[in-house]
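Peer 1: Structure below; questions to follow.
The values are calculated or read from the model by the stated rules, or taken from the named source; none is laboratory data. Not measured: the values here are computed from a predicted model. Ligands, DNA and RNA are excluded from the accessible area calculation, which covers all protein heavy atoms including side chains. Shrake-Rupley method; radii C 1.70, N 1.55, O 1.52, S 1.80 Å.
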Amino acid sequence: MIQAIVPAAGSGERLGSKIEKPYVLLAGIPMVVQTLRALESVKEIDSIVLVVSRRWQKRVRREILERYRIERVAAVVRGGATRMESVYAGLSSLDQRTQWALVHDAARPLVTSKEVSRLIQSARRDGAVCPGIIPKDTTKRVDEDNWVKKTLDRCRLRAVLTPQVFRRDILLQAYERALAKGYSGTDEASLVERLGVKVKIIEGNPENIKITTPEDLLLAEAILKKRKRPS
Ligand code: C5P
């Protein structure tokens with residue numbers, strides 16, 4: 001059994017919108033709806049746990065799930081002050097029978113069912129997997145005063161995206177260890193790595209961008225328009 005956790009409890013201040021980021025419209029539809037629809041179309045995913053802010057906890061069923069006919073959300077849970085707290089809230093409410101947990105940011109609405117299926121397939125083989133892309137720009141490490149320390153070998157670098165897929169028990173252990181020891185991570189893989197579990201990176205889809213700034217929204221609209229055009 002595979003369940004997806006969708007953290008959607010962030011405010012998204014860098015987007016400069018009054019509306020919380022997951023509810024900002026993209027091609028006329030709330031971003032979180034686009035994300036949930038993409039995950040619903042993946043046949044391997046049994047159900048979804050949606051993590052929302054306190055403000056949306058009561059509203060989300062009627063205003064989002066019912067209105068846009070999203071049917072595979074098994075639970076709506078309240079997130080926390082950080083992404084890590086939000087994902088942990090989702091993780092704690094997964095079904096005990098669930099073997100695999102897939103975590104995907106609500107802020108990545110352009111994910112495709114094809115890439116999600118590919119990640120799940122790879123997770124079944126490799127145990128822990130996330131998508132990554134080779135950075136397009138030359139990347140340098142700098143010191144506190146912005147002097148270059150080193151130019152990094154791009155071929156060995158990966159910018160990491162979601163969905164990330166793990167065995168549920170491993171991910172739970174990784175989160176519990178991180179919480180107990182007081183360290184944090186901006187993705188799941190970094191916590192799993194600290195357990196000493198190997199994480200495999202497979203090639204990500206560059207169109208699966210995270211919507212962070214107003215420019216990302218423009219780019220996402222353009223990608224959606226291109227996808228609609230008959231080829
Ligand atoms: O802020 P950022 O874009 O990195 O957030 C990534 C994802 O984590 C978003 O989908 C956001 O809604 C979610 N998040 C959350 N709870 C927080 C902060 C972020 O669910 N406290």
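Peer 1: Roughly to the nearest percent, how much of the accessible area of the chain is carbon and sulfur, given a 1.4 Å probe?
Peer 2: On the chain, the fraction of accessible area on carbon and sulfur atoms equals 48 percent.
Peer 1: Over the range 2-228, with the other protein chains present, what is the accessible area per residue in square angstrom, probe 1.4 angstrom?
Peer 2: Value returned for the range 2-228: 55 Å² of accessible area per residue.
Peer 1: Given the whole protein assembly as supplied and a 1.4 Å probe, what does the accessible area of Leu195 come to in Å², nearest 10?
Peer 2: Taking all protein chains as shown, Leu195 has close to 40 Å².
Peer 1: Once ligands and nucleic acids are excluded and a 1.4 Å probe is used, how much of Tyr68 is accessible, expressed in Å² to the nearest 10?
Peer 2: 40 Å²
Peer 1: Could you list, in their original order, any pairs among Lys18/Lys114; Lys136/Lys198; Lys43/Lys210 whose Cα atoms are separated by more than 28 Å?
Peer 2: Result: Lys18/Lys114 exceed 28 Å.
Peer 1: Another question, if that's okay. Let me cross-check Glu66: its accessible surface, 1.4 Å probe, with only protein heavy atoms counted, in Å² to the nearest 10?
Peer 2: 120 Å²
Peer 1: If Thr186, Thr213, Thr35 are ordered by their accessible area, calculated over protein heavy atoms with a 1.4 Å probe, which sequence runs from highest to lowest?
Peer 2: Result of the area sort, largest leading: Thr186, Thr213, Thr35.
Peer 1: Counting pairs of alpha carbon atoms under 8 Å apart in space and at least six apart in sequence, what relative contact order in percent does the chain give?
Peer 2: 23 percent
Peer 1: How large is log10 I(q)/I(0) at q = 0.11, 0.12, 0.13, 0.18 Å⁻¹ when the Debye formula is applied to the Cα atoms of the range 2-228, each weighted equally and without solvent?
Peer 2: -0.55, -0.66, -0.78, -1.46
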